[in-house]
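Below is one structure, written out as structure tokens; comments come after it.
The values are calculated or read from the model by the stated rules, or taken from the named source; none is laboratory data. Being a predicted model, the structure only gives us computed values, none of them experimental. Reconstructed Cβ throughout: ideal geometry from the backbone, glycine too, with neighbour counts over all protein chains shown.
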Amino acid sequence: MPNPKRGEVWLVDLGMLAKVRPCLILSVPYGDNDRALVTVVPHSTRDRSSDFEIAIDMKFLRPGVFVTQNLMSISVVKLLRKLGNMPSSDLQLVEDSVRAWLGL
């Protein structure tokens, strides 16, 4: 079973309608007594210029945005393969957008 870490970008099977797409792992690692879930922020190549879309250039992704309005928790069995790591300065931009979306 994969052991994803916060700040990693994985290729994820989000189901038939949502497709297979890159997602940023946002949650902290789960423990032995926790459910094997991770919270992710999906990446999309469709930029709608929303306040809750964060454009971050990453060499292993096509140009696009991380959609912080579309947070989801998924089972780690949906993780297909790790694509790379997001730099901490860019992760901070995503975290700030998530806080704004959730009013935190």
Exercise. Is the stretch 7-22 home to any residue that is touching a residue at least 24 places away in the same chain (Cβ under 8 Å), part of a strand (DSSP E or B) and touching a Phe, Trp or Tyr at 6+ places or on another chain (Cβ under 6 Å)?
Worked result: no
For this session: Could you please find all residues in the stretch 39-70 being in a strand (DSSP E or B) and acidic (Asp, Glu)?
Result: 53
For this session: Kindly indicate the residue of the stretch 45-61 that is in contact with a Phe, Trp or Tyr (Cβ under 7 Å, 6 or more places away or on another chain) and aliphatic (A, V, I, L, M) and also surrounded by the fewest Cβ atoms within 10 Å (Cβ to Cβ) among those meeting that condition.
Result: 56
Exercise. If you go through the stretch 71-104, how many residues are in a loop (DSSP other than H, G, I, E, B), under 12 Å from residue 9 (Cα atoms) and of a type in the set (A, V, I, L, M)?
Worked result: 1
Exercise. Scanning for something polar (S, T, N, Q), surrounded by fewer than 16 Cβ atoms within 10 Å (Cβ to Cβ) and more than 12 Å from the chain's Cα centre (by Cα), does the stretch 71-87 turn up at least one residue?
Worked result: yes
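Per-residue answers, yes or no, for (1) at pLDDT 95 or above; (2) in contact with a Cys (Cβ under 7 Å, 6 or more places away or on another chain); (3) surrounded by fewer than 16 Cβ atoms within 10 Å (Cβ to Cβ); (4) aromatic (Phe, Trp, Tyr):
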site: 3; (1), (2), (3), (4): no, no, yes, no
site: 10; (1), (2), (3), (4): yes, yes, no, yes
site: 18; (1), (2), (3), (4): no, no, yes, no
site: 22; (1), (2), (3), (4): yes, no, no, no
site: 30; (1), (2), (3), (4): no, no, yes, yes
site: 33; (1), (2), (3), (4): no, no, yes, no
site: 43; (1), (2), (3), (4): yes, yes, no, no
site: 63; (1), (2), (3), (4): yes, no, yes, no
site: 67; (1), (2), (3), (4): yes, no, no, no
Problem set entry | Single condition residue 71 does not satisfy, out of (1) over 18 Å from residue 4 (Cβ atoms); (2) touching a Ser or Thr at 6+ places or on another chain (Cβ under 7 Å) | (1)
Problem set entry | Matching residues, the stretch 54-104, being free of Cβ contacts under 8 Å to residues at least 24 places away in the same chain, closer than 23 Å to residue 19 by Cβ and of a type in the set (D, E, K, R) | 57, 62
